[in-house]
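A.B. asks: This is the structure I have questions about; it appears just below.
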Amino acid sequence: MNFNYESLFHALSATIPSSILIIDENLLVLMANRNFLIKSGGTLSAVQGLNVQEVLPAAFRDIPLDQQIRDVIRFNKSLHRQKMSYRAPGVSLRVYSYSIRRLELDGHTARAALLVMDDITDLLSLSEEVRRTQLHLASVVESAGDLIISTDAAGAILTWNTAAEQVTGYGLQETLGRSFVEFVAEPQREEVNACYRSIGRTDQRLAAEWLVTCKHGSTIPISWHLSPMAGTSGNVLGVVIVGRNLVKQREMEAQVQQAEKLAALGRVIGGIAHEIRNPLGVSSAAAQLMKLYLANPAMLEECADKVIGGINRASLILDSLLRFARPARIHETQQVDVIEVLRSALMLVSAEAASGTKVEWDIDRLPPGVYAEGVQNLLELVMINLIANAFQAMPNGGGLTIAVRLDRHVLREDILIEISDTGPGIPDGQVSKIFEPFFTLRNDSRRSGLGLSVSHSIIQQHGGNITVRTSPEGTMFAVRLPRNRSEAPRRQSGRRP
Amino acid sequence: MLAQAAELRAALVVDDDAEMCWVLKVALELAQRSVTVAQTGRQALALVTERSFPIAFVDARLPDMNGLQLATEMIRIDQAMRIILISGYYSADDQSIVEAMTRRQVHGFLAKPFEISTIIAAARADD
């Protein structure tokens, strides 16, 4: 194939967005392409034969272009991608990239230079914008108070921001490439893995609360949101994980809970006096009787049994009081026997029941040993609040029913605790307010109005929920808690010796 | 008149705590009383309707009514009855107890824990 090179030059120079000049050894313009002519507003015949400096805008003249062209022609050293800026009054700054190459003319006798100029202003500003956006995003991620972590679809960590470092003590270098699940406390790892398995299947963000094991060994509760990063074909490229440190929030909640517990304690103390004085009375009387029956071994033995039995009963009541009053760290969870919690709560508030109140248990269909994972005295506080509320809704007596049943789902099993009274119900328009702090239906200075709002937050912390149904025939509070299926109950390590 | 003498020496104990009933029964038997035990207010009222008890020891908190209510109802049935209220909840200087004593709704008050001798003395007071 035989090219007509002149025609090839014209075709090429007309189709590329560059401005092209051919300049001879005397710096006179031999040729200009169409793009150059359009931009400079001239015609080929007008520019041919002019000095290159005459055809370029004055703003370019501060570049040693003459010298550069001469050097290229003389030494055949091409110049590549030099930058020149075009500043003119009233025109925004434009930046050009230019290259100069030597051309052989008429069989090596004459030499010339090819000057190719490209306006790269838009390109530059685009990349500057990209860089700025990247910097901005990076600083947003870095200065965020929340933990922002990204992983690949399998969970290997790609980025780890400053907040994540501050909270966990691990820096990016120590976490890069490791699996996110390694940083979650052991018992919840399976849940994290399940999250990763399911994250591609729905568009939805996943929310969870997982404890993170920090570098110095402690665990911190963090509320997490996981969102998939989808590729163009919808496949999951990675996962963005945003976490909020719950320690401060938990401390505040714990303070409110402790205050509410003390308030509840004040309420139950009167009832406790009765509960303790009964066995004390039995013990004391039986001991006095022993002195009168010193010669009667059978009677002595029976009295001794009564003394011991009474002391044990009083001490059991004190045990539940202490367990209830003792502040518990929020992440010290144990397996809590739900029936035991209900019995203990009922005992603590039984003094608030009006005479003529019947208590019925509906737990016959329950398998033995129904455990929830949680903090015993917080769950007790919830039950105390609910049972005390039920008793107070029935000032002239009535029926309290405590029902516990299991609710099986595909993935989990819930414990459903229903506490119902036969009181007059909650007035219309008040139902929506009952979980608000300081809301109360009673004029009683002993009641803080925090009972239900605190109960609500405690149950939420346990991964459950609390709902209410009311009618003029009575009110039922239903507490739903996830069931812990582990076989052997673990006891809290901090129990009294 | 033997039968009537036996009736005079009867005592009623009303308390839902079985252990408490046991010690009261033993103590009252030391005071030569034949003791009948009721665990609820309703049971006690049924017993008082059937026969006469010169003295009753009544717990202030019963599962179906409070002790003061029961005292009022029992005296309505048998005006001659003397009622001693026993409580682990109230103390002798509580307003409701002072008022109940003044109104002769109850005739004595014992706070738990109590002295056996006080029970015996209360039982013998009308011998």
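A quick yes/no check of all residues on (1) without any contact (Cβ under 8 Å) to a residue 60 or more places away in the chain; (2) charged (D, E, K, R); (3) touching a Ser or Thr at 6+ places or on another chain (Cβ under 8 Å):
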| residue | (1), (2), (3) |
| --- | --- |
| A:Thr213 | yes, no, yes |
| A:Val236 | no, no, no |
| A:Ile241 | no, no, yes |
| A:Ile276 | yes, no, no |
| A:Lys291 | yes, yes, no |
| A:Ser315 | yes, no, no |
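A.B. asks: Please determine whether any residue of the range A:308-317 is within 8 Å of chain B (Cβ to nearest Cβ) and among the aliphatic types (A, V, I, L, M).
C.D. replies: Looking through the range A:308-317, none of the residues is within 8 Å of chain B (Cβ to nearest Cβ) and among the aliphatic types (A, V, I, L, M).
A.B. asks: Go through the range B:101-116 and give me each residue that's farther than 21 Å from A:Ile269 by Cβ, surrounded by 17 or more Cβ atoms within 10 Å (Cβ to Cβ) and aliphatic (A, V, I, L, M).
C.D. replies: B:Val106, B:Leu110, B:Ile116 - these are the residues of the range B:101-116 that are farther than 21 Å from A:Ile269 by Cβ, surrounded by 17 or more Cβ atoms within 10 Å (Cβ to Cβ) and aliphatic (A, V, I, L, M).
A.B. asks: Looking only at the range A:244-297, filter to residues that are among the small types (Gly, Ala, Ser) and within 25 Å of A:Ser453 (Cα to Cα); which one of those is farthest from the other protein chains (Cβ to nearest Cβ)?
C.D. replies: Ranking the qualifying residues of the range A:244-297, first place goes to A:Ala254.
A.B. asks: Looking at the structure I just gave you, is A:His225 surrounded by fewer than 18 Cβ atoms within 10 Å (Cβ to Cβ), in contact with a strand residue (DSSP E or B) (Cβ under 8 Å, 6 or more places away or on another chain) and either of a type in the set (Asp, Glu) or not in a loop (DSSP other than H, G, I, E, B) (or both)?
C.D. replies: yes
A.B. asks: Mind listing whichever residues of the range A:164-217 are within 21 Å of A:Pro482 (Cβ to Cβ), surrounded by 15 or more Cβ atoms within 10 Å (Cβ to Cβ) and of a type in the set (Lys, Arg)?
C.D. replies: A:Arg189
A.B. asks: For the range A:188-209, give me each residue that is more than 15 Å from the chain's Cα centre (by Cα), part of a loop (DSSP other than H, G, I, E, B) and among the charged types (D, E, K, R).
C.D. replies: Across the range A:188-209, the qualifying residues are A:Arg201, A:Asp203.
A.B. asks: I would also like to ask the following. Looking at this structure, is A:Gly397 within 30 Å of B:Gln69 (Cα to Cα), at pLDDT 90 or above and either among the β-branched types (Val, Ile, Thr) or over 34 Å from the mean Cα position of the chain (by Cα) (or both)?
C.D. replies: no
A.B. asks: Restricting to the range A:27-46, give me the number of residues that are within 21 Å of A:Asp106 (Cβ to Cβ) and without any contact (Cβ under 8 Å) to a residue 40 or more places away in the chain.
C.D. replies: Counting residues in the range A:27-46 that are within 21 Å of A:Asp106 (Cβ to Cβ) and without any contact (Cβ under 8 Å) to a residue 40 or more places away in the chain gives 6.
A.B. asks: Could you look through the range B:90-100, keep only residues that are away from chain A (no Cβ under 13 Å) and surrounded by 15 or more Cβ atoms within 10 Å (Cβ to Cβ), and pick out the one that is nearest to A:His274 (Cα to Cα)?
C.D. replies: B:Ile97
A.B. asks: Of all residues being more than 13 Å from chain A (Cβ to nearest Cβ) and outside any strand (DSSP E or B) in the range B:53-70, which is farthest from A:Gly356 (Cα to Cα)? Just the residue, please.
C.D. replies: Checking each candidate, the answer is B:Pro54.
A.B. asks: Counting residues that are under 26 Å from A:Ser125 (Cβ atoms) and touching a strand residue (DSSP E or B) at 6+ places or on another chain (Cβ under 9 Å), which strands (runs of 3 or more DSSP E) fully inside the range A:1-106 reach at least 2?
C.D. replies: A:19-24, A:79-88, A:91-105
A.B. asks: Of the residues that sit in the range B:82-100 and are aliphatic (A, V, I, L, M) and part of a strand (DSSP E or B), which one is nearest to A:Gly281 (Cα to Cα)?
C.D. replies: Ranking the candidates gives B:Ile86 first.
A.B. asks: Follow-up question, since we're still on this one. Restricting attention to the range B:13-38, which residues are charged (D, E, K, R) and away from every other protein chain (no Cβ under 12 Å)?
C.D. replies: The answer is B:Arg33, and nothing else.
A.B. asks: Another question, then. Of the conditions (1) in contact with an Asp or Glu (Cβ under 9 Å, 6 or more places away or on another chain); (2) under 18 Å from A:Glu104 (Cα atoms), A:Val52 fails just one. Which one is it?
C.D. replies: (2)
A.B. asks: Then there is this: Which count do you get for residues in the range A:60-77 that are in contact with a Lys or Arg (Cβ under 7 Å, 6 or more places away or on another chain) and under 19 Å from A:Ala32 (Cα atoms)?
C.D. replies: 2
A.B. asks: Right, another one. Tell me whether the range B:110-123 contains one or more residues that are assigned to a strand (DSSP E or B) and more than 10 Å from chain A (Cβ to nearest Cβ).
C.D. replies: no
A.B. asks: When you look at A:Val307, is it out of contact with any Asp or Glu (no Cβ under 7 Å at 6 or more places or on another chain), modelled with pLDDT under 85, surrounded by 17 or more Cβ atoms within 10 Å (Cβ to Cβ) and not assigned by TED's automatic domain parsing to the domain that holds A:Arg201, yes or no?
C.D. replies: no
A.B. asks: Moving to a separate point now. Let me confirm something: among A:Gln258, A:Gln249, which residue is of a type outside the set (A, V, I, L, M) and in contact with a Pro (Cβ under 6 Å, 6 or more places away or on another chain)?
C.D. replies: A:Gln258
The values are calculated or read from the model by the stated rules, or taken from the named source; none is laboratory data. What you see is a predicted model, and the numbers here were worked out from it, not measured in a lab. Heads up, the Cβs are rebuilt from the backbone with ideal geometry, glycines too, and the neighbour counts pull from every protein chain shown.
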